[in-house]
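Engineer: Please see the structure below; I have some questions.
Rule-based calculations on the coordinates, nothing more; no lab input. Please read all numbers here as calculations on a predicted model, not as lab measurements. Neighbour counts run over all protein chains shown; Cβ positions are idealised from the backbone, glycine included.
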Amino acid sequence: MIAQTYEEKRAAFLDKIEHGGKIEADDWMPDDYRQQLIKLISMHGMSEIMGALPEKEWVPKAPTLRRKLAIMAKVQDEMGHGQLLLRVAEDLLAPLGKNREDLLEDLFTGRLKFHNVFHMEAPTWADAGVIGWLVDGAAIITQTMSLDTSYAPYARALYRICAEEKFHAQHGESIVLALAEGTPEQRAMLQESVTRWWPALLMFFGPPEDGKISSNQQQNMAYKIRSQTNEELRQAFFDKYVQRIFHLGLTLPDPTIRYDKTEGKWHYQQPDWNEFKQIVTGHGPCSVSRLDLRKLSYQQAQWVRDALLNNTQQAI
Ligand SMILES: [Fe+2]
Ligand SMILES: [Fe+2]
């Protein structure tokens, strides 16, 4: 067998993904492809876990038993999504001598970021509805785009995750519809939640490219890890949700939002992107409290890890 140089292997790799080929965990891959995947998938996995925290607050306070069962199932699903994705990330980390502990350490020290929306407060029951309907709805748009990613283990995990996310969006929509048809107080609570969440929903997709795609996005597109830009995804979100929000008689805190038929795109007010940077770097309203809760849960489960490790060692 002829030994190949790094560049020859990289060329063969690019040719393979260019022709729709998929990469498995034990296939050869360029170092920066592995790094991009680790960054993306570990952030996605940790965001699923951190995302369970704002909603878990509503499990004991859900207004009916049916709602309690539904939101409990959703929180459990989100933790499951996190586990699935961290497994995928672990396979990528293993050849580098790293594991899940390192990812958690990175989360606790702020090197690994989690999604902006999960740094936000969820003080009302309407938030439980808006998170399910619009935050999970936004996640479905991003994750559906990623189903045809070149990295097959991520695509397989996403296939299952997307199926469950659709239930989450329906669960959220059901809460939102009940409030929209409810008392004036319930409608006011829903409107306040939509108004408060709107900037975070715009930020969900990341800053617009303004004709200049970041090197990070460019690399992910060249490697077919993703196929659409932040702005394309945000526009798809507007296409799907803006009219639905208006049909419920709700308003958005953006009097300028409108669809331009000739240009085929939505015009809207940009959120404060400096605030976005502050939030994702751990300075959001709930960044510290959620991370503290995650740390506490990690510390409290130390005895489980120790017990399992001891048992495994004794069995060997
Ligand atoms: Fe999820
Ligand atoms: Fe979800």
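Engineer: Quote the FRET efficiency, to the nearest 0.05, computed for Thr312 versus Asp91 with a Förster distance R0 of 22 Å and r equal to the Cβ-Cβ distance. Write down the numbers at each step before the final one.
Structural biologist: On the way: r = 19 Å, r/R0 = 0.88.
Once the sixth-power term is evaluated, E becomes 0.70.
Engineer: Return the aspartates and glutamates within reach of Lys39: Cα separation strictly under 12 angstrom, same-chain partners fewer than 8 residues apart disregarded; answer none if there are no such residues.
Structural biologist: Glu90, Asp106
Engineer: Which FRET efficiency value, to the nearest 0.05, is calculated for Gln243 and Ser214 with the Förster distance at 35 angstrom and r the Cβ-Cβ distance?
Structural biologist: Values: r = 30 Å, r/R0 = 0.87.
Using R0 = 35 Å, I get an efficiency of 0.70.
Engineer: Sticking with this structure for a sec: I want the local charge near Ser174. Using Cβ-Cβ distances under 14 Å, sum +1 for each Lys or Arg and -1 for each Asp or Glu among the other residues. Write down the numbers at each step before the final one.
Structural biologist: Details: positive: Arg66, Arg67, Lys68, Lys74, Lys166, Arg244; negative: Asp136, Glu173, Glu181.
Net of charged neighbours comes to +3.
Engineer: A further question follows. Aspartates and glutamates near Lys265 by alpha-carbon distance under 12 Å, same-chain residues fewer than 8 away left out - which ones?
Structural biologist: Counting by Cα, and skipping residues close in sequence, Lys265 has these aspartates and glutamates nearby: Glu231, Glu232, Asp239.
Engineer: Which residue, Thr144, Pro208, Trp197, has the largest displacement toward the positive end of the dipole of the chain when charges sit on each Cβ (Lys, Arg +1; Asp, Glu -1)?
Structural biologist: Trp197
Engineer: With 10 angstrom as the radius, rank His171, His119, His283 by how many other C-beta atoms surround their C-beta, starting from the fewest.
Structural biologist: Fewest-to-most Cβ neighbours within 10 Å comes out as His283, His171, His119.
Engineer: In debye, nearest 20, what is the charge dipole magnitude of the chain about its Cα centre with +1 on Lys and Arg Cβ and -1 on Asp and Glu Cβ, if you could check?
Structural biologist: Working: 36 positive and 42 negative charges, 106 e Å.
In total the dipole reaches around 500 debye.
Engineer: Oh, and also: Could you pull out the trypsin sites (Lys or Arg not before Pro) across the range 89-160 that fall in loop regions by DSSP (anything but H, G, I, E, B) with no more than 13 other Cβ atoms inside 10 Å?
Structural biologist: On the way: sites: Lys98, Arg100, Arg111, Lys113, Arg156, Arg160; in loops: Lys98, Arg111, Lys113.
The qualifying sites are Arg111.
Engineer: Under a Cβ-Cβ cut-off of 11 Å, what is the net charge of the residues other than Met29 that fall near it, where Lys and Arg count +1 and Asp and Glu count -1?
Structural biologist: Values: positive: Lys9, Arg10, Lys16, Arg34; negative: Glu24, Asp26, Asp27, Asp31, Asp32.
Surrounding charge for Met29 is -1.
Engineer: Taking the alpha-carbon distance from Lys16 and a cut-off under 20 Å, which lysines remain once sequence neighbours fewer than 8 residues away in the same chain are dropped?
Structural biologist: In chain and number order, the partners are Lys224.
Engineer: With r defined as the distance between the Cβ atoms of Glu7 and Lys265 and R0 fixed at 41 Å, what FRET efficiency is calculated, to the nearest 0.05?
Structural biologist: Details: r = 40 Å, r/R0 = 0.97.
For R0 = 41 Å, the calculated efficiency reads 0.55.
Engineer: Continuing with the same structure: Send over the semi-axes of the range 39-192's equivalent ellipsoid, whole angstrom and largest first, taken as the square roots of 5 times the C-alpha gyration tensor eigenvalues.
Structural biologist: Numbers: eigenvalues 190, 52, 31 Å².
Largest first, the range 39-192 gives 31, 16, 12 Å.
Engineer: Another question, if that's okay. Which values of log₁₀ I(q)/I(0), to two decimal places, follow from the Debye formula for the range 198-282 at q = 0.14, 0.21 Å⁻¹ with a uniform point scatterer at every Cα?
Structural biologist: Reported log10 I(q)/I(0), two decimals: -0.57, -1.13.
Engineer: So what's the net charge close to Lys113: Lys and Arg +1, Asp and Glu -1, counting the other residues with Cβ under 12 Å from its Cβ?
Structural biologist: On the way: positive: Lys39, Arg111, Lys277; negative: Asp106.
Once positives and negatives cancel, what remains is +2.
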